[in-house]
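In what follows, a structure is listed as structure tokens, so that the remarks can point back to it.
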Amino acid sequence: MRYLPKYRDTKEAIADIRLLSPSGERVSLAQLCDVAVADGASEVYREGNQRYVAIKYGVRGRDLGGAVEEAIRKVDRQVKLPAGYHIDWAGEYASQQRAQRRLTIIIPLTLLVIFMILYSMFGSMKWAGLILAAVAMAPIGGIAALYSTGTNFSVSSGIGFLALFGVSVQTGVIMVEYINQLRSRGYSILDAAHDGAVLRFRPILMTMLVASLGLVPAATSHGIGSDSQRPFAIVIVGGLVAVLLMSVLLLPALYVWIARDSDILPKADADLGA
């Protein structure tokens, strides 16, 4: 129940509220306490049977994790809380920390699974390791793309690197498998690597274009909601450019460096059309 507005709309009206004393007399609220206007919390928030005050702020021009970690250091150094008070850093920062902890498990596990699949495919740790080395160098293009566009690393870009690993494996398998087939047909190591790089350039280029052109609009977007999709797209588009160069130039060179005439190769196919 509440008083009518005319009895509670002003300071004087509140001070004049009548209370019944134990002796039966009616006294005003002003006789028992001081009635004043003061600043205070409009609402009291509670969580876990504890009161809390939420302080919110946004980060622009730098990465979220670095900004919050700097704020944590400054607050720990300059702010001394009374006994019974503590500070929790939550929100997007806490979500990012949880996602990064998951990525530290998922990324090594992904690379391990990729290596096992490649080993079962080629039956050789040498070729599986060669392709995995190219996969490990694929993030160079994504990192360069993030740096050149001034985009901070985020969970979205981390997921983009995982997607980039898959495309890198595909192009590596196309190149190494074709070079091995050329060698099984009697080509020398150097000739097989050279012809493989030339003849597989077009299939790899088509793979890169199909995967990257569809993400160009997302990589260049600055509209509402683009903060989550743009880092993902930038990593993949920039990484695919690097993957193309490494697959055509670096991977054949590494193949020549580690290949030996005694390597066990697959049987030659009847047709090796370009």
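Going by a ≥ b ≥ c, the root eigenvalues of the Cα gyration tensor, does segment 123-165 fall in the rounded group (a/c under 1.5), the prolate group (a/b larger than b/c) or the oblate group? Before the final figure, lay out the partial values.
Values: a/c = 5.32, a/b = 2.47, b/c = 2.15.
Because a/c hits 1.5 or more and a/b exceeds b/c, segment 123-165 counts as prolate.
Considering only I131, A192, I236, whose Cα is most displaced toward the positive end of the charge dipole of the chain, charges sitting on Cβ of Lys, Arg (+1) and Asp, Glu (-1)? Among I131, A192, I236, the one farthest towards the positive end of the dipole of the chain is I236.
Within segment 27-100, the trypsin sites (Lys or Arg not before Pro) that combine a DSSP coil assignment with at most 14 other C-beta atoms in a 10 angstrom radius are K56, R60, R62, K80. For the chain, the spread of Cα coordinates along the three principal axes comes to 115, 37, 36 Å, biggest extent given first.
A straight Cα-to-Cα reach below 17 Å connects K6 with the aspartates and glutamates D16, residues fewer than 8 places away in its own chain not being considered.
For segment 13-121, GluC sites (Glu not before Pro) meeting the loop criterion (DSSP other than H, G, I, E, B) and having at most 14 other Cβ atoms within 10 Å: E25, E43. Dipole of segment 7-97 computed with +1 at Lys/Arg Cβ and -1 at Asp/Glu Cβ about the Cα centre; of Y85, V44, S28, farthest Cα towards the positive end is Y85. Remark: segment 85-100, residue by residue, has Karplus-estimated 3J(HN,Hα) of 10, 8, 10, 10, 9, 10, x, 5, 4, 5, 5, 5, 5, 5, 5, 5 Hz, where x stands for each Gly or Pro and the curve is 6.51 cos²θ - 1.76 cosθ + 1.60 at θ = phi - 60°. In plain terms, the chain is cut at each of the chymotrypsin sites (Phe, Trp or Tyr not before Pro) found in a DSSP loop with at most 14 other Cβ atoms within 10 Å, and the longest leftover piece is 90-274. Charges were assigned to the Cβ only: +1 to each Lys and Arg, -1 to each Asp and Glu. The resulting dipole of the chain about its Cα centre is roughly 380 debye.
Summing -39500 (n - 2.57) over the DSSP H runs of n ≥ 4 in the chain and dividing by its residue number, what mean residue ellipticity at 222 nm do you reach, to the nearest 500 deg cm²/dmol?
That comes out to -19000 deg cm²/dmol.
Here, each number is a calculation from the coordinates, and none is a lab measurement. What you see is a predicted model, and the numbers here were worked out from it, not measured in a lab. Here Cβ is always computed from backbone atoms with ideal geometry, including for glycine, and neighbour counts include all displayed protein chains.
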